[in-house]
Amino acid sequence: MQLVIISGRSGSGKSIALQALEDLGFYAIDNLPAMLLSSLVDELQRDATRRSSSAVSIDARNLPHALERFPTLLADLQARGIQCQVVYLTAESKILLERYSATRRRHPLTRDSQMTLAEAIDSEEAALAEILDLADLVIDTSRLSVHDLRGRIAEQVAQHRDRQMTLTFESFGFKGGVPLDADTVFDARCLPNPYWDPRLRQSTGRDPEIIEFLEGYEDVDRLAGDIIDWLTRWLPAYQASHRSYMTVAIGCTGGQHRSVYLAERLARHFAAHHSGVRLRHRELGIHTAVPQALQDSRDADGHAQT
């Protein structure tokens, strides 16, 4: 039995995520009181042929003591052999403020209190801390469209298989902030910057001229090699701790050149050894799987074969 628990900050897209799973055949329940999780599973197991995949949304509208007990409730389900995925959706506070202002909806925590919207957003984040700590997957929806979010849910949640860790390499620009869903962050701003060459400014790290420029510097190889060595050493430890997802973020100033190149190179390298490798370029709006077949034209370190 597969149970997906959707949680996160109000305005971050929980309803969209739940609807996406429902459209994919999941039995979906919105705003389930956390204390009813065990009872729900009992009911679903009586009709397992039709309810083998279910999804519930649990948010800050729960009573505080119920949210505090969430770790115990989740551990009990896992002890019963239930395959649980906890997916936490979040977004930058300023983005949430803009979304509420645009829709003119009330935040759930402002309905029976004197909190301002900003105070409610901060209070909700603190109330959901126990769930965030146990999340298998954190999705930052700050820059995702509704279509993008539905795609992420379909690819990373609905198609996820137990015991298989999904490894995502994400490029980003520090000027736009560090991704909220990053597990590990590497800084590529120490590398030579193609931006300062006017002929290269409009290209990206996926283009041959940028690849040729960066591969002309030994420091680029050293940094790529160090990241590969670190991940090769520590990924087994993350997998042994039953992690279902890991996002490795690589940042440069604008997220167009150096970080894109490194994310591509790392993704191709690890796709040779791991299934379920994904590649995301935040500033370019690209998110895709990395088939192992792409290794045919690359060597073990990701350099182009001649």
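The slack in the chain from residue 253 to residue 201, taken as 0.36 nm per residue of separation less the alpha-carbon distance, amounts to 17.4 nm. When the GluC sites (Glu not before Pro) in region 1-103 are filtered for DSSP coil states and for at most 12 other beta-carbon atoms within 10 Å of their beta-carbon, no site remains. The simple spin-label model puts a point 7 Å past each Cα toward its Cβ; for residue 154 and residue 219 those points are separated by 4.3 nm. The peptide list 204-216, 2-14, put in order of mean Cβ contacts within 10 Å with the highest first, becomes 2-14, 204-216. With all pairs of different C-alpha atoms in the average, the Kirkwood value for the hydrodynamic radius of the chain is 20.8 Å. Taking the longest Cα principal axis of the chain as reference, the axis of helix 258-271 is set at about 70 degrees. Give me the Debye-computed log₁₀ of I(q)/I(0) at q = 0.12, 0.13, 0.18, 0.21 Å⁻¹ for region 24-123, equal point scatterers on Cα only, no solvent, two decimals. The Cα Debye sum returns log10 ratios of -0.52, -0.60, -0.96, -1.13.
Let me make sure I get this right: for region 129-174, a, b and c are the square roots of the gyration tensor eigenvalues over alpha carbons, sorted descending. Under 1.5 in a/c it's rounded, otherwise prolate if a/b > b/c, else oblate. Which is it? The shape class here is rounded.
Length gained on full extension, residue 132 to residue 233: 33.7 nm, using 0.36 nm per residue less the C-alpha separation. Dipole magnitude for the chain: about 700 debye, using +1 per Lys or Arg Cβ and -1 per Asp or Glu Cβ, origin at the Cα centre.
Approximating the spin labels as points 7 Å out from Cα along Cα→Cβ, the residue 104-to-residue 145 distance works out to 2.6 nm. Springs join every pair of Cα atoms under 10 Å in this Gaussian network model of the chain, and among 280, 105, 150 the largest mean-square fluctuation is at 105.
Rounded to 0.05, the FRET efficiency of the residue 175 and residue 288 pair, given R0 = 41 Å and the Cβ-Cβ distance, is 0.95.
Rounded to the nearest Hz, the phi-derived 3J(HN,Hα) couplings of region 27-42 under the Karplus curve 6.51 cos²θ - 1.76 cosθ + 1.60 (θ = phi - 60°) are 7, 10, 10, 8, 6, 7, x, 4, 5, 9, 4, 5, 5, 4, 4, 4, where x marks glycine and proline. Looking at region 1-108, the accessible area is 47 square angstrom per residue; that uses a 1.4 Å probe and ignores ligands, DNA and RNA. Annotation: per residue accessible area for region 198-258 equals 55 Å², rounded to a whole number [probe 1.4 Å, protein chains only]. Here's the picture: charge each Lys and Arg Cβ at +1 and each Asp and Glu Cβ at -1 in the chain, and of 70, 58, 91 the one pushed furthest to the positive end of that dipole is 58.
The values are calculated or read from the model by the stated rules, or taken from the named source; none is laboratory data. Quick caveat: nothing in here was measured; it's all calculated off a predicted structure. Cβ: placed from backbone, ideal geometry, glycine included. Neighbour counts: every protein chain shown. Quick note on the areas: whole protein, heavy atoms, side chains included, nothing else; ligands and nucleic acids left out. Shrake-Rupley method; radii C 1.70, N 1.55, O 1.52, S 1.80 Å.
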